[in-house]
Amino acid sequence: MSHENDDPSYKTLFSAPEVVRDLILGFIPDEWLHSLDYHTLERVSGSYITDDLRDRADDIVWRVKVKEKWVYLYILIEFQSTVDAWMAVRVMTYVGLLYQDLIKQKQVLEEHQLPPVLPIVLYNGDGKWTAKTNIADLIPKTPGLLAKYTPHLEYLLINENQYDVAKLATMKNLVAAAIRFERPDSVESLMELIDVLNGWLAGKPELKQIFAIWIRAMVLQHSQNRLVLPKVHTLKELKMTLAERFETWAFQHEQRGIEKGIEKGVEKGVEKGEALLLQRLLVRHFGVLPNEVVAQIGSANKEQIESWFDRALDADSLDDVFRP
């Protein structure tokens with residue numbers, strides 16, 4: 001299997017059954033689900049063709065055998081970095097398309113029954129998830145007969161930002177590690193986590209490669225592709241490459257932040273007159289300005305800038321200039 005895709009999304013990771021298993025065992029508290037044999041996990045095609053031939057390939061679908069019977073639980077995983085108010089409608093559509101596909105492929109159960117489906121939405125955005133998780137909650141309550149025919153379908157939301165990083169660090173779980181990779185508190189913690197993951201995945205070179213490619217792509221995304229990283233095939237290679245590049249990139253990133261702040265100051269200066277001049281005066285007196293000072297000047301009104309300018313003429317420090 002080739003894994004040269006640079007997609008930093010979770011689809012890359014969830015092409016591995018071990019990651020799907022750890023999502024269920026670590027983040028879905030359900031005794032019956034935990035009792036299943038995840039060695040029987042099989043990937044199912046997630047591309048469904050509707051009647052008008054539109055390709056719908058937004059999800060990952062796996063199936064796992066239930067006990068000794070050839071009855072499969074289907075697990076549909078949707079990945080979201082932003083809140084979609086109509087997520088419940090999308091999930092209901094995907095479940096319906098999955099069932100249509102299973103019927104077409106004659107993958108139904110005996111006596112014309114359908115296998116159960118667990119729809120999961122994995123959310124890794126920063127804000128609160130505000131969308132309804134049951135389609136019934138999107139439809140006004142109606143009295144009488146109509147209430148009986150209101151559709152009900154709920155998805156299981158796993159919201160990454162509700163998990164404490166310290167708690168995640170205590171879990172030997174691949175999804176917990178992935179969440180921590182998305183929120184490293186320092187370069188050192190990122191490097192340590194790569195070492196930990198490398199140890200967990202001893203003897204699993206393909207899984208190491210999947211994580212190495214995903215982590216590299218994620219770092220590139222966070223650096224807005226300004227950090228130059230060669231292709232890597234192992235976590236060890238990735239760590240060595242990052243160690244070489246991070247120091248240079250950190251310095252360049254800081255300089256870009258300053259330059260971006262000055263550019264913003266220029267825009268404000270055109271509108272408000274004196275922002276750029278104030279920055280130049282402060283740089284001459286006190287050297288390179290902290291990013292927060294540049295941002296503060298960039299968002300200030302004309303009166304504030306004039307007041308700081310007057311103080312800057314005689315100030316001994318930046319604190320003197322920006323005192324309340």
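A few points about this structure:
- Residues (within 22 Å of V61 (Cα to Cα), in a helix (DSSP H, G or I) and modelled with pLDDT of 90 or more) located in the stretch 107-159: I135
- In the stretch 163-172, the qualifying residues are those that are in contact with a helix residue (DSSP H, G or I) (Cβ under 8 Å, 6 or more places away or on another chain) and not in a loop (DSSP other than H, G, I, E, B), and the one that is nearest to P116 (Cα to Cα) is L168.
- Residues within the stretch 88-106 that are of a type in the set (D, E, K, R), assigned to a helix (DSSP H, G or I), at pLDDT below 90 and out of contact with any Phe, Trp or Tyr (no Cβ under 6 Å at 6 or more places or on another chain), tallied: 1
- Per-region count, the stretch 296-314, residues under 17 Å from P324 (Cβ atoms) and either under 38 Å from the mean Cα position of the chain (by Cα) or among the aliphatic types (A, V, I, L, M) (or both): 7
- The set of residues from the stretch 148-162 being within 15 Å of Y10 (Cα to Cα) and in contact with a helix residue (DSSP H, G or I) (Cβ under 6 Å, 6 or more places away or on another chain) comprises I158, E160.
- In the stretch 237-255, the condition of being surrounded by fewer than 16 Cβ atoms within 10 Å (Cβ to Cβ), at pLDDT 85 or above and either closer than 29 Å to T170 by Cβ or among the acidic types (D, E) (or both) is met by no residue.
- Cβ-Cβ under 8 Å pairs, at least 6 apart or on other chains, the stretch 299-324 side farther than 15 Å from L276 by Cα, far side of a type in the set (V, I, T): R311/V321; A315/V321; L318/V293; F322/V293
- For the stretch 82-116, residues that are among the polar types (S, T, N, Q) and either touching a strand residue (DSSP E or B) at 6+ places or on another chain (Cβ under 6 Å) or surrounded by 13 or more Cβ atoms within 10 Å (Cβ to Cβ) (or both) total 3.
- On the stretch given as the stretch 173-206, residues that are small (G, A, S) and either touching a Phe, Trp or Tyr at 6+ places or on another chain (Cβ under 8 Å) or part of a helix (DSSP H, G or I) (or both) total 5.
- Per-region count, the stretch 39-60, residues under 26 Å from I103 (Cβ atoms) and modelled with pLDDT of 75 or more: 6
The values are calculated or read from the model by the stated rules, or taken from the named source; none is laboratory data. Note that the structure is predicted; figures quoted are calculated from it, not measured. As a convention, Cβ positions derive from the backbone with ideal geometry for all residues, glycine included, and neighbour counts pool all protein chains shown.
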